[in-house]
Amino acid sequence: MNVAIKPVAVAAAGTTRRIRLAVPLAIRRRIRARGDSDAGMTTAEYAVGTLGACALAAGLYKVATSTAVLEALAGALDRALHAT
């Protein structure tokens, strides 16, 4: 389906002049039906996911560098090296 989308100048009273694309009504309805109007939500979801991953990494780092874990790893390594 070939659809021509042309830039159209739109200016409201008391505002600065903006350029907006003249998108046919059928395409606008299809975009709204798909839910693409929430384009900014993906950025927020990525931010929350990144924060969660950082928190998990910080927790794992604290556990891995704790005295109990380091002693357990050293003991296992010592037993493995001195096994006869």
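Applying 1/(1 + (r/R0)^6) with R0 = 41 Å to the Cβ-Cβ distance of residue 67 and residue 42 gives a FRET efficiency near 0.45.
Per-residue Karplus couplings for the stretch 66-73, computed as 6.51 cos²θ - 1.76 cosθ + 1.60 with θ equal to phi - 60°, are listed in order as 6, 4, 4, 5, 5, 5, 5, 5 Hz, Gly and Pro entered as x.
Readers should treat all values here as calculations from the given coordinates under stated rules, not as data from a laboratory. Source: prediction; values computed, not measured. No Cβ is skipped: glycine too gets one built from the backbone with ideal geometry, and neighbour counts run over all protein chains shown.
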